[in-house]
Amino acid sequence: MNIIKEIAQLGATVLRQQADKVTDVSSAETQQIINALKDTLASTQGVGIAAPQISISKQIIIVASRPSTRYPHAPLMEPTIMINPSYQALSDHKEKDWEGCLSIPGIRALVPRYTDIEITYTDINSQLVSMQFSGFIARVFQHEFDHLDGTVYLDRVDDNKDIFAESEYFKIVNA
Ligand code: NI
């Protein structure tokens with residue numbers, strides 16, 4: 001059975017809260033949240049989702065980069081469920097690139113992000129996993145991680161002139 005949840009929209013309190021750590025990875029409740037996140041993400045053109053976006057203030061994200069109409073140049077990866085994630089930048093180097101968010105429809109912006117990070121998370125089997133990400137996948141991770149901290153990508157924009165209507169963004173990427 002598919003459990004497709006409504007996506008919380010900018011202005012909702014849950015998107016501005018610090019999410020709670022997951023204390024019982026193997027519980028039925030955690031499994032239900034993960035299933036709802038997976039099904040909800042699969043019903044969209046998004047490349048990631050965070051539990052607060054389905055109004056659940058817990059530290060669970062899915063990073064699922066894939067080419068789509070929203071992100072035509074995204075690399076393909078297996079959707080990865082990350083519980084209680086954290087990261088460290090491997091250098092101070094940041095690059096600006098386009099982001100959007102299912103919670104902020106119709107808008108895209110250029111957002112500076114670390115290009116190289118090391119991440120740690122607990123997987124669905126309660127194992128601690130560390131790996132390095134760079135480029136677009138590092139960007140998606142940082143975007144989803146921010147949702148657990150009550151931050152949205154527009155908070156990270158350097159200059160309001162870097163905020164575009166999605167229709168203008170598509171003219172640029174499809175040019
Ligand atoms: Ni988002």
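The values are calculated or read from the model by the stated rules, or taken from the named source; none is laboratory data. Predicted model, so just to flag it, every value in this text is computed and none were measured. Using ideal geometry, Cβ is built from the backbone for each residue, glycine included, and neighbour counts are taken over all protein chains shown.
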Considering only residues that are more than 15 Å from the chain's Cα centre (by Cα) and in a strand (DSSP E or B), which ones fall in segment 121-133? Thr122, Leu128, Val129, Ser130, Met131, Gln132
Just one listed residue, out of Arg113, Arg108, Arg156, Arg139, is under 15 Å from the mean Cα position of the chain (by Cα) and over 19 Å from Ile61 (Cβ atoms), and it is Arg108
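Return the only residue of Ala138, Ala109 being surrounded by 21 or more Cβ atoms within 10 Å (Cβ to Cβ), of a type in the set (Gly, Ala, Ser) and in a strand (DSSP E or B).
On the way: Ala138 fails: in a strand (DSSP E or B).
Only one candidate passes the filter, namely Ala109.
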Looking only at segment 1-21, how many residues end up being within 13 Å of Ile83 (Cβ to Cβ) and part of a loop (DSSP other than H, G, I, E, B)? 2
Cβ pairs under 8 Å, 6+ apart or interchain, first in segment 151-165 and without any contact (Cβ under 8 Å) to a residue 60 or more places away in the chain and in a loop (DSSP other than H, G, I, E, B), second surrounded by 12 or more Cβ atoms within 10 Å (Cβ to Cβ) and among the β-branched types (Val, Ile, Thr), ordered by first then second residue, are Val157/Val111; Val157/Ile163
Which condition number does Met82 fail, the rest of (1) outside any helix (DSSP H, G or I); (2) over 13 Å from the mean Cα position of the chain (by Cα) being met? (2)
Please determine, by comparing only the residues of segment 39-72 that are under 12 Å from Asp20 (Cα atoms) and not in a loop (DSSP other than H, G, I, E, B), which one is nearest to the ligand (Cβ to nearest atom). Pro52
Picked from segment 85-106 (must be in a strand (DSSP E or B) and among the acidic types (Asp, Glu)), the residue surrounded by the most Cβ atoms within 10 Å (Cβ to Cβ) is Glu99
Test Asp20 against the criterion of being closer than 25 Å to Asn160 by Cα, of a type in the set (Asp, Glu) and modelled with pLDDT of 95 or more, and give yes or no. no
Provide a single number: the residues in segment 45-81 that are surrounded by 16 or more Cβ atoms within 10 Å (Cβ to Cβ), modelled with pLDDT under 95 and of a type in the set (S, T, N, Q). 1
Any residue in segment 162-171 that is away from the ligand (no atom under 16 Å from the Cβ) and buried (at least 19 other Cβ atoms within 10 Å of the Cβ)? no
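Taking into account only those residues within segment 22-38 that are of a type outside the set (A, V, I, L, M, F, W, C) and outside any loop (DSSP other than H, G, I, E, B), which is farthest from Thr69 (Cα to Cα)?
Glu29
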Go through the residues of segment 46-62 one by one and say whether even a single one is more than 18 Å from Asn35 (Cα to Cα) and either in contact with a Cys (Cβ under 9 Å, 6 or more places away or on another chain) or of a type in the set (S, T, N, Q) (or both). no
